[in-house]
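The values are calculated or read from the model by the stated rules, or taken from the named source; none is laboratory data. Worth saying up front: this structure is predicted, and the values here are computed from it rather than measured. We place every Cβ from the backbone using ideal geometry, glycine too, and count neighbours over all the protein chains shown. Calculation scope for accessible area: heavy atoms of the full protein, side chains included, ligands and nucleic acids excluded. Shrake-Rupley method; radii C 1.70, N 1.55, O 1.52, S 1.80 Å.
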Amino acid sequence: MSDIQQAVREKYGAIATSVKESSATAGCCGPAACGCGDPITSNLYSDAEKSGLPADAVAASLGCGNPTALISLEPGETVLDLGSGGGIDVLLSARRVGPTGKAYGLDMTDEMLALARDNQRKAGATNVEFLKGTIEAIPLPDNSVDVIISNCVINLSSDKDAVLREAFRVLRPGGRFAVSDVVVRGDVPADVRRSMELWVGCIAGALEEKDYAAKLRAAGFSDVEVEPWRVYKIDDARSFLTESGLDVDRIAPQVQDRFASAFIRGRKPEAKSCCGPECCA
Ligand SMILES: C[S@@+](CC[C@H](N)C(=O)[O-])C[C@H]1O[C@@H](n2cnc3c(N)ncnc32)[C@H](O)[C@@H]1O
């Protein structure tokens with residue numbers, strides 16, 4: 001396991017534990033555990049989506065978007081959530097694919113898997129399975145998944161090419177990739193970029209939006225789109241950046257509108273059908 005993976009695992013293990021402890025004591029999400037009022041994780045899900053979900057699944061929501069809102073899911077489909085955390089997006093997907101479908105969550109952190117399985121049990125979801133493993137080496141066969149979702153996880157990986165290659169491998173031909181992630185827009189000086197990444201929690205670094213699209217195409221995806229939908233303002237990060245010792249007013253032009261949560265989409269091309277002598281030999 002890399003140092004980055006170890007750091008990520010420790011951070012999210014502690015968050016999962018704090019969600020469990022705060023629900024046991026106060027019935028409310030703990031300060032480090034949810035997006036109470038923070039500009040990245042707040043207001044991502046509608047009341048209708050949250051109703052019927054276990055409170056701990058909502059409290060443990062640590063995403064930066066709502067990937068399930070990105071995509072039409074059909075009954076009977078198989079969905080895989082990369083870095084499923086407390087399981088909110090898996091449980092929402094499971095409702096939509098119904099009893100003939102399946103929703104997998106994949107996570108490497110034992111405490112998060114325990115929390116997610118607890119939430120699955122409370123939700124009574126039988127078409128759900130949480131798998132232990134890394135998103136850089138997905139423990140599923142080739143061509144076995146219709147839709148890949150993920151919510152603010154790929155930015156945590158130090159090997160994003162491997163993640164995208166693996167996503168492509170497990171998707172069926174025609175399968176969809178619909179992910180929420182933090183992206184950088186244009187050039188940002190390295191020190192400012194690092195401070196903003198720490199504010200967002202992107203331990204391994206966010207991709208520049210054009211680089212994200214290029215990596216998806218390099219992995220084989222077609223119909224690639226990167227669509228920023230929540231663009232961060234300097235005041236969102238002001239107190240964090242000030243505490244980091246940065247002169248916020250001086251760097252404001254380099255931060256304003258340069259960091260965003262984005263919807264990222266792609267498709268695995270359909271397998272070529274037999275079309276003539278040169279491909280049917
Ligand atoms: C920011 S949280 C997001 C959780 C969930 N997607 C959500 O929206 O609430 C990141 C999650 O991804 C998991 N994770 C991070 N890097 C991973 C990796 N390389 N392989 C598997 N899981 C990973 C962490 O354990 C954590 O549960």
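For the stretch 100-114, the Karplus equation 6.51 cos²θ - 1.76 cosθ + 1.60, evaluated at θ = phi - 60°, returns couplings of 8, x, 8, 10, 9, x, 10, 8, 9, 9, 4, 5, 5, 5, 5 Hz by residue, with Gly and Pro reported as x. In terms of accessible area, using a 1.4 Å probe and ignoring ligands and nucleic acids, ARG169, ARG176 rank largest first as ARG169, ARG176.
Cα convex hull, the stretch 158-281: 110 Å³ per residue, rounded to a whole number.
For the chain, the relative contact order works out to 16 percent when only alpha carbon pairs closer than 8 Å and six or more residues apart are counted. Couplings 3J(HN,Hα) for the stretch 208-221, derived from phi with the Karplus relation 6.51 cos²θ - 1.76 cosθ + 1.60 (θ = phi - 60°), are 5, 4, 5, 5, 4, 4, 5, 5, 4, 5, 4, 6, x, 6 Hz, where x marks Gly and Pro.
If you count the DSSP beta bridges with both ends in the stretch 89-206, what percent of them are antiparallel, to the nearest 5?
On the way: 1 of 12 bridges.
Taking every DSSP beta bridge with both residues in the stretch 89-206, the antiparallel ones total about 10 percent.
Accessible area per residue for the chain is 44 Å², calculated with a 1.4 Å probe on protein heavy atoms, without ligands, DNA or RNA.
Report the semi-axes of the equivalent ellipsoid for the stretch 63-182 in whole Å, largest first, where each axis is √(5λ) for an eigenvalue λ of the Cα gyration tensor. Walk me through the intermediate numbers first.
On the way: eigenvalues 72, 57, 34 Å².
The answer is 19, 17, 13 Å, longest axis first.
Taking all protein chains as they are arranged and a probe of 1.4 Å, the heavy atoms of THR17 leave approximately 60 Å² accessible to solvent. The lysines within cross-link reach of LYS20, meaning a Cα-to-Cα straight distance under 23 Å and a gap of 8 or more places when in the same chain, are LYS11, LYS50, LYS122, LYS132.
Tell me, what % of the accessible area of the stretch 191-230 is carbon and sulfur with a 1.4 angstrom probe? Mind showing how you got there, number by number?
Details: 860 of 1800 Å².
Its accessible area is 48 percent carbon and sulfur atoms.
Bridges between two residues of the chain, per DSSP, are antiparallel at a rate of about 45%.
Say R0 is 30 Å: what FRET efficiency, to the nearest 0.05, do ASP110 and LYS210 get from their beta-carbon distance?
Working: r = 36 Å, r/R0 = 1.21.
Once the sixth-power term is evaluated, E becomes 0.25.
In terms of overall dimensions, the C-alpha atoms belonging to the chain reach 66, 45, 36 Å along their principal axes, ordered largest to smallest. Between SER51 and MET1, the modelled labels are 4.0 nm apart [label points 7 Å from Cα along Cα→Cβ].
Counting Lys and Arg as +1 and Asp and Glu as -1, what is the net charge of the other residues whose Cβ lies under 10 Å from the Cβ of ASP161? Please list the in-between numbers first.
Values: positive: LYS160, ARG165, LYS215; negative: GLU136, ASP159, GLU166.
Surrounding charge for ASP161 is 0.
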